[in-house]
Amino acid sequence: MENFDINNLVRENVKTMKPYSSARDEFKDFDVAQMIFLDANENPYQNGVNRYPDPQQSSVKAVLAKQRNLKVNQVLLGNGSDEVLDLLFRAFCEPKTDNVITLPPTYGMYGVLANINSVENREVLLSTDFQPEIESILEAVDANTKMIFLCSPNNPTGNSFADESVVTLLQNFKGLVVVDEAYIDFSKKPSWLVELDEYPNLVITQTLSKAYGLAGIRLGICYASAAIIAVLNKIKPPYNVNELTQRRALERLADKEKIKLEIDSIVKQRDDLLKVLDEVNFVSKIYPTEANFVLIKVDDATKRYNELIAKGIVIRNRTTQPLCENTLRLTIGTVEENKKLMEALLAIGQP
Ligand SMILES: Cc1ncc(COP(=O)(O)O)c(C=O)c1O
């Protein structure tokens, strides 16, 4: 997009504010091993976590940037991608004035964050095959529309959005197009990361909570132009990613083989489950999935949900979501868990 200037989107108070400067930020270029730090009111006795963590998470970002073939200044980390998404709202959306566009049925936090930040959430439903309705989306845009959220692969539907739709939005929308790729590692489609240099309004979020198996440490990632990342860095809480999280992420990111094996196993399990679902008599539709879950349409979602609970299996009833009447979302578990799920589904389907 020509003449894109991120400063036109940044909130006025964010543009003019002086960011908090943490003690550790000021001395990052010194030889820390040779220095005595009496600046941050920490307990001096070593126990591995008595010091504040690196506010810029330089080691984790360096690994991610290398693995993704990006520059470190195109990466921002947060306490889960939920924090990253919240930072986007706070940086770019003026409360009670600006709006964002979301495409239900989709990940619920976009709407929740819009609400918390007093930002209007303009909902433009996906089509019945769960694809973005580009014309309606562009019609919903006005001068105060700051972001469009595209979740691809989408939660809870499992499908990816058509490339042409994403490109049309990137080319025609003058705000930020945020592509949430929480489930990208389960998809055969490439990440939109390779297009970052092409589109200055592209923002991509990813997470270590899904394929990387680290939901418990809370590490979310934002990839964007250096200019966008600089704005988010200005407003993020100084120590938003704790020391234990940074260490655990580094260990896991080094274990590429193991992550790949786990992803392959989950994808295989997903394919096995799809075959069994075909035989379950109360399942009327199995939606195509590129994620670690499957959305199915059944005769009576609440009844089937309760029957599975009675067998000790908890899934997600999505029946109240738009376009999702009588649907259930099933996450792929371990081989044993999936076996139990498949047995349970077949058993409750018996007349
Ligand atoms: C589409 C999507 N984005 C983001 C998240 C949240 O990720 P995180 O655990 O990094 O906050 C989820 C969690 O379910 C999700 O489904």
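A short reminder: the numbers here are calculations on the coordinates, not readings from a lab. Worth saying up front: this structure is predicted, and the values here are computed from it rather than measured. Ideal geometry is used to build each Cβ from the backbone, glycine not excepted, and the neighbour counts take in all protein chains shown.
Numbers for the structure displayed
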quantity	calculated
Amide N proximity, the stretch 43-67 versus TYR239 label position 7 Å along Cα-to-Cβ, cut-off under 11 Å	43, 49-55
Sorted by Cβ neighbour density within 10 Å, fewest at the top, the residues SER191, SER81	SER191, SER81
For TYR199, distant residues with modelled amide H under 5 Å away	none
Segment ASN281-LEU261, length gained on full extension (0.36 nm per residue, minus Cα span)	3.9 nm
Listed residue (THR106, TYR223, PRO238) projecting farthest to the positive dipole end of the chain, Cβ model	PRO238
Taking LEU295, LEU170 and counting other C-beta atoms within 10 Å, the order from fewest to most	LEU170, LEU295
Loop sites in the stretch 11-55: GluC sites (Glu not before Pro), DSSP, at most 14 other Cβ within 10 Å	GLU42
20 °C / 1.002 mPa s Stokes-Einstein diffusion coefficient of the chain, Kirkwood radius on C-alpha pairs, µm²/s	98
Full-stretch length increase - VAL32, GLU164 - with 0.36 nm per residue and alpha-carbon distance subtracted	42.6 nm
Which listed pairs, of LYS15/LYS188; LYS188/LYS297; LYS188/LYS236; LYS61/LYS189, have C-alpha distances above 28 Å, in listed order	LYS15/LYS188; LYS188/LYS236
Local electrostatic count, PRO53, Cβ distance below 14 Å [Lys/Arg +1, Asp/Glu -1]	+4
Net charge contributed by nearby residues that have their C-beta within less than 15 Å of ASP272 (K/R +1, D/E -1)	-2
Order of TYR183, TYR107 under a 10 Å beta carbon neighbour criterion, fewest first	TYR107, TYR183
